[in-house]
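The values are calculated or read from the model by the stated rules, or taken from the named source; none is laboratory data. All figures in this text were calculated on a predicted structure; none of them were measured in a lab. Note: ideal-geometry Cβ built from the backbone for every residue, glycine included; neighbour counts use all protein chains shown. Ligands, DNA and RNA are excluded from the accessible area calculation, which covers all protein heavy atoms including side chains. Shrake-Rupley method; radii C 1.70, N 1.55, O 1.52, S 1.80 Å.
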Amino acid sequence: MKLFIDAVAFWAPTLPGWDVARAAFRGEGAPAAVPARRPSPELLPAAERRRAPDTVALALEVAAAAVAQSGHRAQELLSVFTSCHGDLAITDAICTTLVEHPLLVSPTRFHNSVHNAASGYWGIATGCRQASTAVSGYENSFAAGLLEAASQAEADARPVLLVGCDIAACGALASTTASRGLLAVALVLSPQRGERTLATLDWSLASGKTERIPLRSEAALPLAENAMADALPLFEALARRHTAPLHLPLSNALALAVKLGEFA
């Protein structure tokens, strides 16, 4: 099945924006020498911007960048938000509070801890009332989110915003959960070619065990320990305009086969 990529967005402290990331993945530029501070999403009022957790700030940053690039209206887009672990910092803080001072759990922290918090902030900030899905697939979370977004775009014949984001594990969770640094990605997928289409994406399911795809660029390697790292091979391919098929693992016995082409 064929879809069209209308926008690409990317953010990491050393690669703050798709233009920087694309150049670095091609070997035409270098990661930032000084890591960027987390983004401050302009979609939120100033007070909300200061209180927003890292997951929300990252997700809204790439979502807004992708939608602006795509030419679609945010209010008309279906959306899929995917994350392996959600907000680990808030989860750790709540668990610590429950152990030490159980009557002092913050309602604000609690509502920011749920897995679809970023989706909720997006809907409120943009006034979007379209369906939104929150997905988790452990170390295959980006592939699971991409499958969900592609399926919705195909079934509903409508464009879909896909956002993936994970942050570092901390506290007691760091001993059991593997995730370092900050990484957020986004795509806008459409069932029809548009004036701003960047590339085509052919996709299907493939059975059988699939090995992880090795990263090609020095710039991507430091991001490999983030829980959203399964997105990196596709974004490297987009940057390098590679058309070789990619098999993104979904489980021990199933993969999402994707192939890019017809780059603008």
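When the chain is treated as a Gaussian network with alpha carbon springs shorter than 10 Å, the biggest mean-square fluctuation among Ser40, Ser79, Ser141 belongs to Ser40. Here the extension length gained between Ser204 and Arg240 equals 10.8 nm, from 0.36 nm per residue of separation less the Cα-Cα distance.
What's the longest uninterrupted piece of the chain once you rule out the trypsin sites (Lys or Arg not before Pro) that are loop residues per DSSP with at most 15 other Cβ within 10 Å? With trypsin sites (Lys or Arg not before Pro) excluded where exposed in loops, the chain gives 130-192 as its longest stretch. The residues of segment 48-192 expose on average 44 square angstrom of accessible surface per residue, using a 1.4 Å probe on protein heavy atoms. Between the Cα long axis of helix 117-126 and the first principal axis of the chain there is an angle of about 70°, rounded to the nearest 10. Element breakdown for segment 107-233 at a 1.4 angstrom probe: carbon and sulfur atoms account for 52% of the accessible area.
If I take every Cα pair under 8 Å that is 6 or more residues apart in the chain, average their sequence separation and divide by the length, what percent do I get for the relative contact order? Spell out each step's value before the answer.
Details: 584 pairs, mean separation 70.6, N = 264.
RCO, the chain: 27 percent.
Between Glu236, Glu211, Glu225, the Gaussian network model of the chain with springs among Cα atoms under 10 angstrom shows the greatest mean-square fluctuation at Glu211. With θ taken as phi - 60° and the Karplus curve 6.51 cos²θ - 1.76 cosθ + 1.60 applied, the whole-hertz 3J(HN,Hα) list for segment 221-236 is 4, x, 8, 5, 8, 7, 5, 9, 5, 5, 7, 4, x, 5, 6, 4 Hz, x standing for glycine and proline. For Leu201, the residues whose amide H sits under 5 Å from its own are Leu3, Phe4, Ile5, ignoring neighbours fewer than 5 places away on the same chain, with H placed 1.01 Å from N. Mean-square fluctuations from a GNM of the chain, with a 10 angstrom spring cutoff on Cα atoms, peak among Glu76, Glu139, Glu100 at Glu100. Close amide-amide hydrogen proximity is noted between Thr82 and Val135, Val163, Gly164, Cys165, each under 5 Å apart and 5 or more residues distant or on a separate chain (H modeled in the peptide plane; Pro and chain starts excluded).
Expressed as a whole percent, the accessible area of segment 27-73 that falls on carbon and sulfur atoms is 53 (1.4 Å probe). The accessible area of Thr97, taken with all protein chains in place and a 1.4 Å probe, comes to roughly 30 Å².
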